[in-house]
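See structure below.
Please treat every number below as a calculation from the coordinates, not as lab data. Since this is a predicted model, take the numbers as computed values, not measurements. All Cβ positions, glycine included, derive from the backbone under ideal geometry; neighbour counts span all protein chains shown.
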Amino acid sequence: VSARAVVNATGVWAGEVDPAIRLRPSRGTHLVFDAAAFGHPSAALTVPVPGSTSRFVFALPQQLGRVVVGLTDEDAPGPVPDEPEPTEGEIAFLLETVNTALQRGLTRDEVRGAFAGLRPLIDTGGGSTADISRKHAVLESPSGVLTVVGGKLTTYRRMAQDAVDAVLRARALTAGPCRTADLPLVGAPGHRDSAPLPGDGVPASLTARHGGASRAVLDRATVARPLEPVAPGIGVTRAEVEYALTHEGALDAADILDRRTRVGLVPADAERARPAVEEIVAAHRA
Ligand SMILES: Cc1cc2nc3c(=O)[nH]c(=O)nc-3n(C[C@H](O)[C@H](O)[C@H](O)COP(=O)(O)OP(=O)(O)OC[C@H]3O[C@@H](n4cnc5c(N)ncnc54)[C@H](O)[C@@H]3O)c2cc1C
């Protein structure tokens, strides 16, 4: 396959696709708690890391009745794993730090789940990973591959704009003006498919997740008992599982539990939800 331009946008794996790119991956670990452990908070806690003037541990209320505590910033040299694992040392650090702000300390037994990711930081030499810039960069390597890397989820539109602009410049291509800043996401007010929120009887968690697409989630559902949760106490409906398959590209139960919803962040919840999810996946394939 030949192309006029090749863009490498593979995040922390960018150096595997183009060896000219040098990254310094940094692992960030989060812990998942029941919201009850924090007294069902409606605001976040920001806890200074003892001995540092610039680092904090956050406790953030999340959907599905959880609070997430994070996060660490640890050098993660070597081959990039598909799924980075939190270490016991990081779990202890997060517990100790958040406990400095709580009247009753949280214990290891209250940790319902833990997960980690690798930040694709650009290697700028020595120092702590916490001090490396989170700014993104668009780099052209001697082979001509353009790489967009670094950055934040929150800056994705700017990253995409800068990458496309760099391709246009490097290959002398023409294009209309960039429209990304004004494009509403699916479910956002102003998106062409957005509809008014459905009324009574529809779980608030469904409308919080799908916004203007909530009506479509319900109207397109063919599954039995669409508004029933996938398991008692887990606020994801059967209709949303079907919608993940029909409209969000999910292929299997893991896609739904781990990637379209965040049920899988608590392994025990994933096991309870799995039978209903697998039943809907099987019916969809039939
Ligand atoms: C622990 C942690 C906490 C973070 N917290 C925040 C935060 O609070 N706020 C914020 O704004 N940002 C945050 N970020 C940063 C944010 O997640 C990343 O900057 C962002 O995901 C980078 O987007 P990307 O598209 O460049 O890479 P990615 O999101 O990693 O996407 C790259 C994709 O390429 C795919 N891929 C890899 N290799 C290949 C290949 N050979 N062929 C095809 N596909 C391939 C991967 O599967 C992946 O889907 C955090 C990151 C981490 C790790």
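Observations on the structure shown:
- Per-residue packing, averaged as other Cβ atoms within 10 Å, sorts the ranges 183-196, 251-264 into the order 251-264, 183-196, beginning with the highest.
- Long-range Cα-Cα pairs in the chain (distance over 33 Å), rounded percent: 37
- Listing 115, 38 from fewest to most neighbouring C-beta atoms within 10 Å gives 38, 115.
- 3J(HN,Hα) from dihedral phi, the stretch 181-193, Karplus parametrisation 6.51/-1.76/1.60, rounded to Hz, x for glycine, proline: 4, 9, 7, x, 6, 3, x, 7, x, x, 6, 4, 9
- Label zone at residue 107 (point 7 Å along Cα-to-Cβ), backbone N below 20 Å, the stretch 43-76: 67, 69
- The chain - mean residue ellipticity at 222 nm from DSSP helices (-39,500 (n - 2.57) per run, n ≥ 4, rounded to 500): -7500 deg cm²/dmol
- D (Stokes-Einstein, µm²/s), Kirkwood Cα radius, the stretch 26-119, 0.890 mPa s at 25 °C: 180
- Ranked by how many other Cβ atoms sit within 10 Å of their own Cβ, fewest first, the residues 123, 34 fall in the order 123, 34.
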